[in-house]
Amino acid sequence: MNSHYHNYSSIQRNAHSRAAPKISDDILEEIQEAFTLFDTNKDGHIDYFELKVAMRALGFDLKKDEVINILKKYGVDEGSKMSADGFVNVMSDMISKRDPLEEYKKAFKLIDENGTGGITVANLRRIARELGENIADDEIQAMIEEFDLDNDGSINEEEFIRIMVNGH
């Protein structure tokens, strides 16, 4: 079963409640920023297309029928658009139900852009550059050596998940 569909199905219990599920203030701010960014006509509502893009920006690439069903169930004006509060509640619920292990695996694949099964100095250099960080190659190499438990010169998915879960 598609994990996004599972997340969509589970929002039915909480999305209509007034209080959004417990998420961090940073995540809440990210959801609110996504709504503001994609509310292109600034009317306090987003339509189907804006909702689909906002959800994708938050990491949820749902199918057309899933987005339409969310709009019908939690939208206003007969399901043609969604308010900011509705969006915050739906997205908070979906985000709170994410599987961290799956998120780590997705992050690993994004960093390992060539699909080699290992994060290398070149991968981390690219990420640092994209983030505007200037980190010397010897520092990046030292990071890899610190966490490279099988001494193959790269961080594999298992090592990456260990870092994400334990911090080492």
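Is it the case, given these coordinates, that V76 is among the aliphatic types (A, V, I, L, M), buried (at least 18 other Cβ atoms within 10 Å of the Cβ), closer than 21 Å to L62 by Cβ and touching a residue at least 12 places away in the same chain (Cβ under 8 Å)? Judged against the criteria, V76 is not a match.
Out of everything in the stretch 125-149 that is open to solvent by less than 60 Å² (accessible area, probe 1.4 Å) and free of Cβ contacts under 8 Å to residues at least 12 places away in the same chain, what residue ends up being farthest from I161 (Cα to Cα)? Can you show your working first?
Let us first name the residues in the stretch 125-149 that are open to solvent by less than 60 Å² (accessible area, probe 1.4 Å), namely 126-128, 135-136, 140, 142, 144, 147-148.
Adding the requirement that they be free of Cβ contacts under 8 Å to residues at least 12 places away in the same chain leaves 135-136, 142, 148.
Numbers: I135: 23, A136: 24, A142: 18, D148: 12 Å.
Restricting to residues being open to solvent by less than 60 Å² (accessible area, probe 1.4 Å) and free of Cβ contacts under 8 Å to residues at least 12 places away in the same chain, the top hit is A136.
Every listed requirement among (1) open to solvent by less than 50 Å² (accessible area, probe 1.4 Å); (2) modelled with pLDDT of 85 or more is met by N41 save one, (1).
Of all residues in the stretch 102-127, which are aliphatic (A, V, I, L, M) and in contact with a helix residue (DSSP H, G or I) (Cβ under 7 Å, 6 or more places away or on another chain)?
Filtering the stretch 102-127 down to residues aliphatic (A, V, I, L, M) leaves 107, 110-111, 119, 121-122, 124, 127.
Those that are aliphatic (A, V, I, L, M) and in contact with a helix residue (DSSP H, G or I) (Cβ under 7 Å, 6 or more places away or on another chain): I111, I119, V121, L124, I127.
Inside the stretch 44-69, can you point out the residues that are among the β-branched types (V, I, T) and open to solvent by 10 Å² or more (accessible area, probe 1.4 Å)? Of everything in the stretch 44-69, those that are among the β-branched types (V, I, T) and open to solvent by 10 Å² or more (accessible area, probe 1.4 Å) turn out to be V53, I68.
Determine if the stretch 111-129 includes at least one residue that is closer than 26 Å to T36 by Cα and modelled with pLDDT under 95. Checking the stretch 111-129: not a single residue is closer than 26 Å to T36 by Cα and modelled with pLDDT under 95.
Determine whether I95 is free of Cβ contacts under 8 Å to residues at least 60 places away in the same chain and on the phi < 0 side of the Ramachandran plot. Don't jump to the end; show me each part of the working.
Values: free of Cβ contacts under 8 Å to residues at least 60 places away in the same chain: no; on the phi < 0 side of the Ramachandran plot: yes.
No: the conditions fail for I95.
The values are calculated or read from the model by the stated rules, or taken from the named source; none is laboratory data. The structure presented is a predicted model; accordingly, all values stated were derived computationally and were not measured. Cβ atoms come from the backbone with ideal geometry, glycine included; neighbour counts cover every protein chain shown. For the accessible areas, the whole protein counts, side chains as well, though only heavy atoms, and no ligand, DNA or RNA atoms are used. Shrake-Rupley method; radii C 1.70, N 1.55, O 1.52, S 1.80 Å.
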